[in-house]
Amino acid sequence: METAVFIVCALIVLGGALGVVMSRNPVHAALSLVATLFGIAVLFLNLGAQLLAVVQVIVYTGAIVVLILFVLMLLGVDEDEDLDTEPIVGQRILAVLVGLFFAGAVLAVIVVGKDAAVTGARSATEAISPSVANIVQIGRQLFTTYVFPLELTAGLLTIAVVGAVVLSRRPKDLQPIPEPESMTELGDDPLTTIIEEAAH
């Protein structure tokens, strides 16, 4: 069963990743990214890492992708991207070389990892303590050993939200920009007034 789930999720992740890099429409690329992130979350569940799966869905799928879609809608995506135009000369060749490098690195890790030389004899998905769940231990660490960095991060995020709200507020005493006197003298429709004066 786990093998079947892994194969299905791997196909979803790879299909979504291909959709991200091959879609001409940015919105379609963002939706493909959602499929990829959901597939990764299910893979985390398949490995027994429930906390990572929840964080994957809440942070990446629920926040980052929504932010990307919001920016795309704000900037406008009326036209498809022209893939024939390269903003940076030689970027496609560089992308292929970097992709081949990372593919070789992954294959090297897989080959060397057969003898547990990379990850060690202990499994990467093994619980920190067999008697206590990983989520419980992570919670204890966050609210005991790392409580100060956690509260500091929460404070910084709160300050950022308050600052964004303050900067986005419109002052109450803000007055509209007055129209130029020459435009006001011409009436409500300056073009019509000019044409009428020229006719007379």
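The values are calculated or read from the model by the stated rules, or taken from the named source; none is laboratory data. These numbers were taken from a predicted model, which means no experiment stands behind them. Positions of Cβ are backbone-derived with ideal geometry, glycine not excepted, and every protein chain shown enters the neighbour counts.
Go through Phe44, Phe102, Phe38 for me and flag whichever is at pLDDT 85 or above and more than 30 Å from Gln137 (Cα to Cα). Among Phe44, Phe102, Phe38, only Phe102 is at pLDDT 85 or above and more than 30 Å from Gln137 (Cα to Cα). Regarding Leu191, is this residue outside any loop (DSSP other than H, G, I, E, B), modelled with pLDDT under 75, surrounded by fewer than 10 Cβ atoms within 10 Å (Cβ to Cβ) and under 27 Å from the mean Cα position of the chain (by Cα)? Answer is no for this residue.
Note on segment 20-31: residues that are touching a Leu at 6+ places or on another chain (Cβ under 8 Å) and surrounded by 15 or more Cβ atoms within 10 Å (Cβ to Cβ) total 3. What tally of residues in segment 128-183 results from selecting those that are modelled with pLDDT of 80 or more and touching a Pro at 6+ places or on another chain (Cβ under 8 Å)? Qualifying residue count for the region: 0. Look at segment 48-63 and say how many of its residues are at negative phi, loosely packed, with under 15 Cβ neighbours inside 10 Å and in contact (Cβ under 8 Å) with a residue 24 or more places away in the chain. Residues meeting the conditions: 2. The residues listed here are Leu11, Leu52; of these, the one that is of a type in the set (A, V, I, L, M, F, W, C) and more than 28 Å from Gly139 (Cβ to Cβ) is Leu11.
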